[in-house]
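Structure first, commentary second.
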Amino acid sequence: DTGVSQDPRHKITKRGQNVTFRCDPISEHNRLYWYRQTLGQGPEFLTYFQNEAQLEKSRLLSDRFSAERPKGSFSTLEIQRTEQGDSAMYLCASSSAGGYTEAFFGQGTRLTVV
Amino acid sequence: AQSVSQHNHHVILSEAASLELGCNYSYGGTVNLFWYVQYPGQHLQLLLKYFSGDPLVKGIKGFEAEFIKSKFSFNLRKPSVQWSDTAEYFCAVNNNQGGKLIFGQGTELSVKP
């Protein structure tokens, strides 16, 4: 299965530590998205890339969050100085460019900040 | 502001009952509309999508949805649910350039055998 792959699936970290998540999109997709989902809520958009260019960032994305997609393939999402409020499921999705495309989601990385 | 509202937080049905999940959106311009499903322990999967054309769209597993532009709605329906339909259902919208999805808060569906 060559779907969207995320690593790790689970991460427990102490408050104040930095964490980094990786997303490998479907290979032919040039758009990559990051979302955050908390219990009982739908996914909230964080940021997206078209190829290596970061085209949009949500106001939800504080200065502690940074995302990269250096070669237009995989992407990383880093959270610095984690806080308990960062505990959530972090979802990655990918799609083709264009107006009439669907996004395919990975399994997500569940972050718990203790 | 762009938003999606799902009317029901938790729906409980018996097998063979009919299902309708409400979704309304607030979004300027031409939209694409989606329903995603998340089965327990699995990733979000696309059930169906509307881009243009016939406002009644059919998806996988017998689901369908109707886009009513005048009501800004995209309700999901299934005539007869099965226990295996137990899942969380999310309505989402983006503009016709693609890009980020705006999701509703989700509806948890529990189907009793």
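Let's test the formula: R0 of 35 Å, r as the Cβ-Cβ distance of B:A16 and A:R22. What FRET efficiency results, to the nearest 0.05? List each step's numbers first, then the result.
Working: r = 44 Å, r/R0 = 1.25.
Result of the calculation: an efficiency of 0.20.
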What fraction of the DSSP beta bridges in chain A is antiparallel, stated in percent and rounded to the nearest 5? 90 percent
For the protein assembly as shown, share of DSSP beta bridges that run antiparallel, in % to the nearest 5: 90 percent
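Between A:D63 and B:I60, take the C-beta separation as r, use R0 = 45 Å, and let me know the FRET efficiency to the nearest 0.05.
Numbers: r = 41 Å, r/R0 = 0.91.
About 0.65, to the nearest 0.05.
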Gaussian network model of chain A, springs between alpha carbon atoms under 10 Å - residue of A:L46, A:L61, A:L91 with greatest fluctuation: A:L61
Using Stokes-Einstein with the Kirkwood hydrodynamic radius over Cα pairs, what translational diffusion coefficient do you get for the stretch B:46-90 at 4 °C and a viscosity of 1.567 mPa s, in µm²/s rounded to a whole number? 114 µm²/s
Note on the stretch B:27-65: residues buried by at least 50 Å² of accessible area once partner chains are added (vs chain on its own, 1.4 Å probe) come out as B:H43, B:L44, B:F51
19 Å cut-off, amide nitrogen to a point 7 angstrom out along A:E52 Cα→Cβ, residues in the stretch A:66-101: A:66-78, A:97
Beta carbons within 10 angstrom, averaged per residue: use that to sort the peptides A:48-55, B:72-79, highest first. B:72-79, A:48-55
Shielded residues, the stretch A:80-114 - accessible-area loss of 20 Å² or more between chain alone and all protein chains, probe 1.4 Å: A:G99, A:Y100, A:T101, A:E102, A:A103, A:F105, A:Q107
Return the sequence-ordered ³J(HN,Hα) values of the stretch B:31-41 in whole Hz as given by the Karplus equation 6.51 cos²θ - 1.76 cosθ + 1.60 applied to θ = phi - 60°, using x for Gly and Pro. 10, 9, 10, 9, 10, 10, 10, 10, 6, x, x
Placing +1 on the Cβ of each Lys and Arg and -1 on the Cβ of each Asp and Glu in the stretch A:8-84, which of A:Q17, A:G40, A:G72 has its Cα farthest towards the positive end of the resulting dipole? A:Q17
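When you count, for each residue, the other Cβ atoms within 10 Å and take the mean per peptide, how do B:36-42, B:104-110 rank with the highest first?
B:104-110, B:36-42
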Counting only other chains, and only Cβ atoms inside 10 Å, what mean value do you get across the residues of B:7-15? 0
What residues in the stretch A:40-78 lose 30 Å² or more of accessible surface when the other protein chains are added to their chain alone (1.4 Å probe)? A:G40, A:G42, A:P43, A:F45, A:E56
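Please give the per residue accessible area of chain B, computed with a probe of 1.4 Å over protein heavy atoms only, in Å². Don't skip to the answer; put the middle values down first.
On the way: 5250 Å² over 113 residues.
Here the residues of chain B average 46 Å² of exposed surface.
Which translational diffusion coefficient, to the nearest whole µm²/s, is obtained for chain A from the Stokes-Einstein equation, given a Kirkwood hydrodynamic radius over C-alpha pairs, 25 °C and 0.890 mPa s?
Details: Rh = 14.0 Å.
Roughly 175 µm²/s, to the nearest whole number.
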Given a 1.4 Å probe, how much area per residue of chain A is accessible, in Å²? 51 Å²
At q = 0.23 Å⁻¹, the log10 of I(q)/I(0) for chain B from a Debye sum over equal Cα scatterers comes to -1.35
Hey, got the average number of other protein chain Cβ atoms within 10 angstrom for residues in B:92-98? 4
Can you pull the percent of the protein assembly as shown's accessible area that's carbon plus sulfur, 1.4 Å probe, other chains left in place? 47 percent
According to the Kirkwood expression over distinct Cα-Cα pairs, how big is the hydrodynamic radius of the protein assembly as shown, in Å? 18.1 Å
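Across peptide A:30-37, what mean number of C-beta atoms from other chains lies inside 10 Å of a residue's C-beta?
Values: counts 0, 3, 0, 3, 1, 4, 0, 5.
For peptide A:30-37, the averaged partner shielding equals 2.
Probe radius 1.4 Å, ligands and nucleic acids left out: can you give me the accessible area buried at the B-A interface, summed over both chains, in Å² to the nearest hundred?
Answer for the B-A pair: about 1700 Å² buried.
The values are calculated or read from the model by the stated rules, or taken from the named source; none is laboratory data. Please read all numbers here as calculations on a predicted model, not as lab measurements. Don't worry about glycine lacking a Cβ; one is built from the backbone with ideal geometry, like all the others, and counts go over all protein chains shown. These accessible areas exclude ligands, DNA and RNA; they are computed on the full protein's heavy atoms, side chains included. Shrake-Rupley method; radii C 1.70, N 1.55, O 1.52, S 1.80 Å.
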